[in-house]
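**Q** If you scroll down you'll find the structure; I have some questions about it.
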Amino acid sequence: MLRVAEIFTSLQGESTWAGYPCFFVRLTGCNLHCVYCDTPQAREAGRRMDIAEVVAAFEKSPVKMAEITGGEPLLQDGFVALAEALLTAGATPLLVETNGSRPLERIPAGARAIVDVKCPESGSANSFLEANWARLRAQDEVKFVLSSRADYEWARTQVQEHALVDRLQAVLFSPVHGRLPGPILAAWILEDALRVRLQLQLHRILALP
């Protein structure tokens, strides 16, 4: 049994898959308290659902890209079974958005992790599980959401120390809406010739769910 905050279809707003139609399963519950959280309703809201109910909703959708998100989806005992069921049902690709505070090996091999590493000014600093750096796979992506120059320099250090650009599908730098202007972040990336991708939240720009 799962606790599901919401199920909906929208354009994917982040990651290298931004812009594609996507079937979203947002699971309830989160272990962090980020100051810029845009889904606080996912902490407590939602309803109990069987995995079969979620898969049935996916199979009725014409959209085959799926994402399991939260909150923090890896907190739920039923996460692995849900991910495997969606893969069996034909989710292509299956994305899993996680904050990296739980072991990434719980994510099935056929899924792609989008790992949101929390920066110092997020309000959830030091939440990333250090062992997860080695658990990242070639198909995975890492995202740093930045509030300031200090966040940028910290993220830049992580990228370099863990050789993330050479190991992963993508490394994404995203400015916190209302805190760090996108053009300023773009200038920093260009100044350092940093091989990361600037990411803006497409769903926020377009006012999508």
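Laboratory data are not the source of any read-out in this text; all were calculated from the coordinates shown. Remember, it's a predicted structure, so these values are computed and weren't measured experimentally. Ideal geometry is used to build each Cβ from the backbone, glycine not excepted, and the neighbour counts take in all protein chains shown.
**Q** Ranked by Cβ crowding within 10 angstrom, fewest neighbours first, how are V117, V196, V165 ordered?
**A** Ascending Cβ contact count within 10 Å gives the list V165, V196, V117.
**Q** So how do F23, F128 line up by other beta-carbon neighbours within 10 Å, fewest first? It would help to have the intermediate numbers written out before the result.
**A** Values: F23 25, F128 19.
Ordered from fewest to most neighbouring Cβ atoms within 10 Å, F23, F128 come out as F128, F23.
**Q** To check you understand DSSP bridge types, tell me what percent of the beta bridges within the chain (both residues inside) are antiparallel, rounded to 5. Mind showing how you got there, number by number?
**A** Details: 10 of 33 bridges.
Here the antiparallel bridges make up roughly 30 percent for the chain.
**Q** Here are some values of mean projected area of the Cα convex hull in nm²: (i) 10.5; (ii) 11.8; (iii) 18.8. Which one was computed from this structure?
**A** From the options (i) 10.5; (ii) 11.8; (iii) 18.8, the structure gives (i).
**Q** Taking the chain as a Gaussian network, Cα atoms linked when under 10 Å apart, which of A109, A193, A125 shows the biggest mean-square fluctuation?
**A** For the chain, modelled as a Gaussian network with Cα springs under 10 Å, the answer is A193.
**Q** Loop by DSSP (not H, G, I, E, B), at most 14 other beta-carbon atoms within 10 Å: where is the longest site-free stretch of the chain for trypsin sites (Lys or Arg not before Pro)?
**A** 1-178
**Q** Right, here's the next one. Among P108, P73, P183, whose mean-square fluctuation peaks in a Gaussian network model of the chain (Cα, cutoff 10 Å)?
**A** Sorting by GNM fluctuation, first place goes to P183.
**Q** Considering the options A57, P120, Q41, tell which one lies farthest towards the positive end of the dipole of the range 2-205, charges being +1 on Lys and Arg and -1 on Asp and Glu at the Cβ, about the Cα centre.
**A** The one lying farthest along the dipole's positive direction is A57.
**Q** A further question follows. Scan the range 83-174 for GluC sites (Glu not before Pro) in coil per DSSP, keeping those whose Cβ has at most 12 other Cβ atoms within 10 Å, and list them by number. Each step should come with its number before you reach the end.
**A** Working: sites: E84, E97, E105, E121, E130, E141, E153, E161; in loops: E130.
Loop-located and lightly packed - E130.
**Q** Right, another one. Determine the dipole magnitude for the chain: charges of +1 sit on the beta-carbon of Lys and Arg, -1 on that of Asp and Glu, nothing else is charged, the reference point is the Cα centre, and the result goes in debye to the nearest 20.
**A** Approximately 200 debye in magnitude.
**Q** Also, I was wondering about something else. What ranking do L172, L86 get, fewest neighbouring Cβ atoms within 10 angstrom at the top?
**A** Taking fewest neighbouring Cβ atoms as first place, the list is L172, L86.
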